[in-house]
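Novice: The structure is given below, and queries will be raised subsequently.
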Amino acid sequence: MAAYPAGGSENILLLTDSYKVTHHYQYPQNTTVVSSYFESRGGKFSSTVFFGLQYILKRFLTGPIITKEKIQEAKELYEAHFHKDVFNEEGWTYILEHHRGYLPLRIKAVPEGTVVPVKNVLFTVENTDPKCFWLTNYFETLLVQVWYPMTVATNSRAQKEIIARYLDETADNLDALPFKLHDFGFRGSTSVEAAGIGGVAHLVNFKGTDTIAAISTARAFYGCPMAGHSIPAAEHSTITTWGKDGESEAFKNMLTKFPTGFVAVVSDSYDLWNACENVWGKELKDLIVSRKEKGTLVVRPDSGDPPEVVVKVLNILGNKFGTDTNSKGYKMLPSYIRVIQGDGISYETLGAILDNMKKHKWSADNLTFGSGGALLQRLDRDTQKCAYKCSYAVIDGKEVNVFKDPITDKAKTSKKGRLTLEYQDGKFTTMDKGTGSPKKDFLQTVFENGKLLKDYSLEEVRQNAEINLVKNGALKTPNSKK
């Protein structure tokens, strides 16, 4: 059977909103330059992790992407779509003939992974050929989709800060931090592509994932041979097919089939408390202990109220396997047994779980989190109020500062003129109306005339996005003041 055609997703002329096809008619006569910018106007988090533009540039815009065949396909589709001839066939043909199919655009952006306060320019787009002024905003639709990986990375990093803070207060070190929030989000994503780029955005901050698409995307677009890792783990079907009376045998099978390393076993198929108290704590206790220095069992509750369930599971396991007290005065299970909470995990719930653990004198180092829908899907463009607006143009040879200032919503007032992003007095500041210094501009040219000029590795992005607690090595000593 023949594969389904890729269709419009592979024709760059079709990756825009319908109304933009008509916009080449709408600019003032003798317009030669249109310059636009992208920013987070505010939102849930006060700063954003800029990430994902490189994926869009590599996937869609780099190289000779305009062909006669694509122009013809677009012409036919738009004529049927609008019931009239509004397609800019002449403009696209000009790009094909004079630029060999390469886009005459220049894109400047902050380095990927940079943490920038909201209300600052993150990238700018400008045409490099005066006859292609209409091109700048034609690709707004596609370029604004950077909101998604950027927002996932921002949300993930915010959760990393919460986990790190509790580790700092209750654990001996931050060594396990990169694996404390595991991506369970593949099945909850809107598409394979979304899972891939969203999953990579999470891997900017962590190294645990079950989203294979993320690993493939990181390899193809961010030069990382292996961006994330996982462990053997049970799901309910691999436990419940043994029957209720066979749960103990199902658990034992996991320990014997994976005798070394980490292995996670979902334990709430029937009676979580019995599973922890009697199956893990009595029947299989000797087998678990025998794995000491060879492997670690990770018990997974998967239902109930997370703050209460996690502490109760820890208390039962602590009573059965014993505990040690770390340098901060908090309880630790033996190294061969840990817990993962993979249900109901989000930025909003992490703190409550960790706080309840702290109240009951359990170190955060006993627990790993798994997150799915809340990690990759429970967000949208308005989470960080992302927008792309024109700020500058040249018309009849005159420079024009372009802006919007709606009386009905002053929060949507846009920036004016040529923009630079400068670092002054320990913070980022957007300079508008051409008042900035190009020499101080933090924006770097990453794309020009169809060519990618900067290729960030995932490792570079991770370094740029690292949280201050890790960068500063600021673990507190047991007697330090909080």
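Novice: Look through 126, 69, 112 and report the one residue that is modelled with pLDDT of 95 or more and open to solvent by 40 Å² or more (accessible area, probe 1.4 Å). Before the answer, list the steps.
Specialist: On the way: 126 fails: open to solvent by 40 Å² or more (accessible area, probe 1.4 Å); 112 fails: open to solvent by 40 Å² or more (accessible area, probe 1.4 Å).
It is 69.
Novice: If a residue must be β-branched (Val, Ile, Thr) and either modelled with pLDDT under 95 or part of a loop (DSSP other than H, G, I, E, B) (or both), how many such residues does the stretch 334-360 contain? Steps first, answer last, please.
Specialist: We begin by selecting, within the stretch 334-360, every residue β-branched (Val, Ile, Thr); these are 337, 339-340, 345, 349, 353.
Applying the additional criterion that residues be either modelled with pLDDT under 95 or part of a loop (DSSP other than H, G, I, E, B) (or both) yields 345.
Matching residues across the stretch 334-360 total 1.
Novice: If we scan the stretch 43-51, do we find a residue that is in a loop (DSSP other than H, G, I, E, B), closer than 23 Å to residue 444 by Cβ and within 33 Å of the chain's Cα centre (by Cα)? It would help to see each step written out before you state the result.
Specialist: In the first step, residues of the stretch 43-51 are kept if they are in a loop (DSSP other than H, G, I, E, B); the result is 43-46, 50-51.
Filter once more, keeping what is closer than 23 Å to residue 444 by Cβ: 50-51.
Restricting the remaining residues to those that are within 33 Å of the chain's Cα centre (by Cα) gives 50-51.
Yes, the conditions are met somewhere in the stretch 43-51.
Novice: Here's a follow-up. Determine if the stretch 159-172 includes at least one residue that is in contact with a His (Cβ under 7 Å, 6 or more places away or on another chain) and under 20 Å from residue 209 (Cβ atoms). Walk me through how you get there before you give the answer.
Specialist: Residues of the stretch 159-172 in contact with a His (Cβ under 7 Å, 6 or more places away or on another chain): none.
Within the stretch 159-172, none of the residues are in contact with a His (Cβ under 7 Å, 6 or more places away or on another chain) and under 20 Å from residue 209 (Cβ atoms).
Novice: Which of the residues that make up the stretch 210-235 are aliphatic (A, V, I, L, M) and within 14 Å of the chain's Cα centre (by Cα)? Spell out the reasoning first.
Specialist: Restricting attention to the stretch 210-235, the residues satisfying the condition of being aliphatic (A, V, I, L, M) are 212-215, 218, 220, 226-227, 231, 233-234.
Within the stretch 210-235, 213, 214, 215, 218, 227 meet the criteria.
Novice: Give the number of residues within the stretch 76-104 that are open to solvent by 50 Å² or more (accessible area, probe 1.4 Å) and assigned to a helix (DSSP H, G or I).
Specialist: Filtering the stretch 76-104 for residues open to solvent by 50 Å² or more (accessible area, probe 1.4 Å) gives 76-77, 79-85, 89-90, 97-98, 100.
Okay, now just the ones that are also assigned to a helix (DSSP H, G or I), so 76-77, 79-82, 89-90, 97-98.
Of the residues in the stretch 76-104, 10 are open to solvent by 50 Å² or more (accessible area, probe 1.4 Å) and assigned to a helix (DSSP H, G or I).
Novice: Please work out which residue is nearest to residue 204 (Cα to Cα), limiting yourself to the stretch 97-143 and to residues that are of a type in the set (Phe, Trp, Tyr) and in contact with a strand residue (DSSP E or B) (Cβ under 6 Å, 6 or more places away or on another chain). Before you say what the answer is, go through the steps one by one.
Specialist: Within the stretch 97-143, the subset of a type in the set (Phe, Trp, Tyr) is 102, 123, 133-134, 138-139.
After this cut, where a residue has to be in contact with a strand residue (DSSP E or B) (Cβ under 6 Å, 6 or more places away or on another chain) as well, the list is 123, 133.
On the way: 123: 19, 133: 35 Å.
Of everything passing the filter in the stretch 97-143, 123 is nearest to residue 204 (Cα to Cα).
Novice: Condition first: surrounded by 20 or more Cβ atoms within 10 Å (Cβ to Cβ), among the hydrophobic types (A, V, I, L, M, F, W, C), touching a Pro at 6+ places or on another chain (Cβ under 9 Å) and more than 25 Å from residue 308 (Cα to Cα). Can you find one or more residues in the stretch 261-273 that meet it?
Specialist: Within the stretch 261-273, none of the residues are surrounded by 20 or more Cβ atoms within 10 Å (Cβ to Cβ), among the hydrophobic types (A, V, I, L, M, F, W, C), touching a Pro at 6+ places or on another chain (Cβ under 9 Å) and more than 25 Å from residue 308 (Cα to Cα).
Novice: Evaluate the stretch 57-64: report whether one residue or more is assigned to a strand (DSSP E or B), closer than 30 Å to residue 395 by Cβ, within 29 Å of the chain's Cα centre (by Cα) and of a type outside the set (Asp, Glu).
Specialist: Just the residues of the stretch 57-64 that are assigned to a strand (DSSP E or B), to begin with: none.
No, because not a single residue in the stretch 57-64 is assigned to a strand (DSSP E or B), closer than 30 Å to residue 395 by Cβ, within 29 Å of the chain's Cα centre (by Cα) and of a type outside the set (Asp, Glu).
Novice: Next question. Select from the stretch 336-364 the residues that are more than 31 Å from the chain's Cα centre (by Cα) and of a type in the set (Ser, Thr, Tyr) and list them in ascending order. Explain how you work it out, then say what you get.
Specialist: Going through the stretch 336-364, the residues more than 31 Å from the chain's Cα centre (by Cα) turn out to be 336, 359-361.
The one that is more than 31 Å from the chain's Cα centre (by Cα) and of a type in the set (Ser, Thr, Tyr): 336.
Novice: Looking only at the stretch 56-66, which residues are open to solvent by 20 Å² or more (accessible area, probe 1.4 Å) and either within 24 Å of residue 465 (Cβ to Cβ) or touching a strand residue (DSSP E or B) at 6+ places or on another chain (Cβ under 7 Å) (or both)? Don't jump to the end; show me each part of the working.
Specialist: Applying the first criterion (open to solvent by 20 Å² or more (accessible area, probe 1.4 Å)) to the stretch 56-66 yields 58-60, 62, 64.
The answer is 58, 59, 60, 62.
Novice: Identify all residues within the stretch 15-25 that are within 16 Å of residue 132 (Cβ to Cβ) and under 36 Å from the mean Cα position of the chain (by Cα); write none if there are none. So that I can check it myself, show each step before the final result.
Specialist: Taking the stretch 15-25 first, the residues within 16 Å of residue 132 (Cβ to Cβ) are 16, 20-21, 23-25.
Listed by number, the residues that qualify are 16, 20, 21, 23, 24.
Novice: Let me ask something else about it. Within the stretch 279-329, take every residue that is farther than 15 Å from residue 353 by Cβ, in contact with a strand residue (DSSP E or B) (Cβ under 9 Å, 6 or more places away or on another chain) and touching a residue at least 60 places away in the same chain (Cβ under 8 Å) and give me the one that is surrounded by the most Cβ atoms within 10 Å (Cβ to Cβ).
Specialist: Filtering the stretch 279-329 for residues that are farther than 15 Å from residue 353 by Cβ, in contact with a strand residue (DSSP E or B) (Cβ under 9 Å, 6 or more places away or on another chain) and touching a residue at least 60 places away in the same chain (Cβ under 8 Å), the one surrounded by the most Cβ atoms within 10 Å (Cβ to Cβ) comes out as 298.
Novice: If you don't mind, there's one more thing I want to ask. Which of the residues belonging to the stretch 65-75 are assigned to a helix (DSSP H, G or I) and without any contact (Cβ under 8 Å) to a residue 60 or more places away in the chain? Before you say what the answer is, go through the steps one by one.
Specialist: Taking the stretch 65-75 and keeping what is assigned to a helix (DSSP H, G or I), we get 68-75.
68, 69, 70, 71, 72, 75, listed by residue number.
Novice: Quick one: which strands (runs of 3 or more DSSP E) lie wholly within the stretch 365-482 and hold at least 3 residues that are more than 24 Å from the chain's Cα centre (by Cα) and crowded, with 20+ Cβ neighbours inside 10 Å?
Specialist: Correct list: 386-395.
Novice: Considering only the stretch 3-14, I want to know if a residue exists there that is touching a strand residue (DSSP E or B) at 6+ places or on another chain (Cβ under 7 Å) and buried (at least 21 other Cβ atoms within 10 Å of the Cβ). Talk me through it step by step, then tell me what you get.
Specialist: First pass over the stretch 3-14, keeping only residues touching a strand residue (DSSP E or B) at 6+ places or on another chain (Cβ under 7 Å): none.
Looking through the stretch 3-14, none of the residues is touching a strand residue (DSSP E or B) at 6+ places or on another chain (Cβ under 7 Å) and buried (at least 21 other Cβ atoms within 10 Å of the Cβ).
Novice: If you don't mind, there's one more thing I want to ask. Restricting attention to the stretch 23-34, does a residue exist that is closer than 26 Å to residue 147 by Cβ and open to solvent by less than 30 Å² (accessible area, probe 1.4 Å)?
Specialist: Here is the first cut: in the stretch 23-34, the residues closer than 26 Å to residue 147 by Cβ are 23-24, 26-27, 33-34.
Next, only the ones that are open to solvent by less than 30 Å² (accessible area, probe 1.4 Å) stay: 33-34.
Yes, the stretch 23-34 contains at least one residue that is closer than 26 Å to residue 147 by Cβ and open to solvent by less than 30 Å² (accessible area, probe 1.4 Å).
The values are calculated or read from the model by the stated rules, or taken from the named source; none is laboratory data. Remember, predicted model here, so these are calculated numbers, not experimental data. Reconstructed Cβ throughout: ideal geometry from the backbone, glycine too, with neighbour counts over all protein chains shown. Side chains included, ligands, DNA and RNA excluded: accessible areas come from the protein's heavy atoms. Shrake-Rupley method; radii C 1.70, N 1.55, O 1.52, S 1.80 Å.
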